[in-house]
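For reference, the structure is listed below as C-alpha cells.
The values are calculated or read from the model by the stated rules, or taken from the named source; none is laboratory data. Bear in mind the structure is a predicted one, so any value in this text is a computation, not a measurement. Here Cβ is always computed from backbone atoms with ideal geometry, including for glycine, and neighbour counts include all displayed protein chains.
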Amino acid sequence: MFIQTETTPNPETLKFLPGRVVLEEGTEDFPDFESARKSRLAMKIISIRGVVRVFFGNDFISVSKEENIYWEHLKPAILGTIMEHFQLNLPIIDTPSDNKKNVENFDEKDAPIVKQIIELLETRVRPAVTQDGGDIQFHGFDRGIVYLTMQGACAGCPSSTITLKMGIQNLLRHYIPEVIEVRPVL
C-alpha cells in the first residue's frame, strides 16, 4: 500500500491520501481525543505525540500537529498507523454519528435564502476546501449574517479568516444580496 501526502495551506496540517475511499459520504472531524472515540483509526492517530486533530474526507485523512513538532518526526508514525489500519481492513468509523453534527439555525421565512447559501457552499466552496484537506459546515443565518465552521486543515489555518471574509463572504454577497456578513462558529 502506498500513501501519498500533500501539503495544505495550513502549515500545521498534512493531507494523507491512502489511494482508496476513507468515508463513503460526508466528513468526520476529530478536534480532540474524546471526539475520536468513535473511530479506532482516529484514536490511534490522535494518540501520536504532537498530533492535535484528525479529519476524514472521502479519499483523504488530514492530520494537524502542534506548532513546535516537525513533520519529519510525525509522518512515519502516522503513515504506519494508517497503513496498518487499512491492511487489517478495519472499519473507519466504529460508532455511527449521532446526527447532531450540523445543527442549522435560521428563521423558516429565510428558508429560500438558506437553500441558496447551502447550494453555493456545496457547489462552489466545499470542493475548494476539500481540495485543501478540510470542509465547511453551515450553522445558521440570522439577519443577514451567515454562520459557518471550518473543519480539518481549514480549522486554525492562518488563512481561514481571509477565506471566510474575502472568499466565501464575497461569493455569497455577490449571488445573494441578503447576505451581509459571514462569521465563524468556533
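Any residue at all in region 71-89 that is of a type in the set (Gly, Ala, Ser) and under 21 Å from Asn10 (Cβ atoms)?
To start, the set of residues in region 71-89 that are of a type in the set (Gly, Ala, Ser) comprises 77, 80.
Okay, now just the ones that are also under 21 Å from Asn10 (Cβ atoms), so 77.
Checked region 71-89: at least one residue is of a type in the set (Gly, Ala, Ser) and under 21 Å from Asn10 (Cβ atoms).
For region 26-48, what are the residues that are among the charged types (D, E, K, R), more than 16 Å from Thr8 (Cβ to Cβ) and touching a residue at least 12 places away in the same chain (Cβ under 8 Å)? Steps first, please.
So in region 26-48, the residues among the charged types (D, E, K, R) come out as 28-29, 32, 34, 37-38, 40, 44.
With the extra rule that they be more than 16 Å from Thr8 (Cβ to Cβ), the set shrinks to 28, 32, 34, 37-38, 40, 44.
Glu28, Asp32, Arg37, Lys38, Arg40, Lys44 - these are the residues of region 26-48 that are among the charged types (D, E, K, R), more than 16 Å from Thr8 (Cβ to Cβ) and touching a residue at least 12 places away in the same chain (Cβ under 8 Å).
What do you reckon, is Gly134 touching a Cys at 6+ places or on another chain (Cβ under 9 Å) and either at pLDDT 90 or above or closer than 30 Å to Thr5 by Cβ (or both)?
Numbers: touching a Cys at 6+ places or on another chain (Cβ under 9 Å): yes; either at pLDDT 90 or above or closer than 30 Å to Thr5 by Cβ (or both): yes.
Here the answer is yes, as Gly134 does meet what is asked.
So Leu164 ticks every box in (1) in a helix (DSSP H, G or I); (2) surrounded by fewer than 19 Cβ atoms within 10 Å (Cβ to Cβ); (3) not hydroxyl-bearing (Ser, Thr, Tyr) but one. Which box is left unticked?
Of (1) in a helix (DSSP H, G or I); (2) surrounded by fewer than 19 Cβ atoms within 10 Å (Cβ to Cβ); (3) not hydroxyl-bearing (Ser, Thr, Tyr), only one is false for Leu164: (2).
Restricting to region 141-154, name every residue that is in a loop (DSSP other than H, G, I, E, B) and either modelled with pLDDT under 80 or under 16 Å from Glu122 (Cβ atoms) (or both). Spell out the reasoning first.
Initial filter on region 141-154 (in a loop (DSSP other than H, G, I, E, B)): 143-144, 153-154.
Once the filter is applied, which keeps residues that are in a loop (DSSP other than H, G, I, E, B) and either modelled with pLDDT under 80 or under 16 Å from Glu122 (Cβ atoms) (or both), region 141-154 yields Ala153, Cys154.
Might you let me know whether region 63-73 holds any residue that is within 25 Å of Arg126 (Cα to Cα), in contact with a Gly (Cβ under 6 Å, 6 or more places away or on another chain) and among the basic types (Lys, Arg)? Don't jump to the end; show me each part of the working.
Taking region 63-73 and keeping what is within 25 Å of Arg126 (Cα to Cα), we get 63-65.
Of the ones still in play, those that are also in contact with a Gly (Cβ under 6 Å, 6 or more places away or on another chain) are 65.
Checking which are among the basic types (Lys, Arg) leaves us with 65.
Taking every residue of region 63-73 in turn, at least one turns out to be within 25 Å of Arg126 (Cα to Cα), in contact with a Gly (Cβ under 6 Å, 6 or more places away or on another chain) and among the basic types (Lys, Arg).
Does Val54 satisfy the condition of being touching a Leu at 6+ places or on another chain (Cβ under 6 Å) and within 14 Å of Phe30 (Cβ to Cβ)? Step through it out loud before you land on a result.
Values: touching a Leu at 6+ places or on another chain (Cβ under 6 Å): no; within 14 Å of Phe30 (Cβ to Cβ): yes.
Answer is no for this residue.
With the requirement that a residue be under 9 Å from the mean Cα position of the chain (by Cα), without any contact (Cβ under 8 Å) to a residue 60 or more places away in the chain and not in a helix (DSSP H, G or I), what does region 115-140 give you?
Selection gives Ile136, Gln137.
Residues of region 110-138 being among the hydrophobic types (A, V, I, L, M, F, W, C) and on the phi > 0 side of the Ramachandran plot, which ones?
The first filter runs over region 110-138 and keeps only residues among the hydrophobic types (A, V, I, L, M, F, W, C), leaving 111, 113-114, 117-118, 120-121, 125, 128-129, 136, 138.
If the condition is that a residue be among the hydrophobic types (A, V, I, L, M, F, W, C) and on the phi > 0 side of the Ramachandran plot, then no residue fits.
Would you mind listing the strands (runs of 3 or more DSSP E) fully within region 1-73 where at least 1 residues are surrounded by 22 or more Cβ atoms within 10 Å (Cβ to Cβ)?
On the way: elements: 4-7, 13-17, 28-30, 51-56, 61-65.
In region 1-73, 13-17, 28-30, 51-56, 61-65 are the strands (runs of 3 or more DSSP E) which contain 1 or more residues that are surrounded by 22 or more Cβ atoms within 10 Å (Cβ to Cβ).
Considering only region 77-108, how many residues are assigned to a loop (DSSP other than H, G, I, E, B) and at pLDDT 80 or above?
Within region 77-108, the subset assigned to a loop (DSSP other than H, G, I, E, B) is 88-104, 107.
If we keep only those that are at pLDDT 80 or above as well, we get 88-94, 104, 107.
Residues in region 77-108 being assigned to a loop (DSSP other than H, G, I, E, B) and at pLDDT 80 or above: 9 in total.
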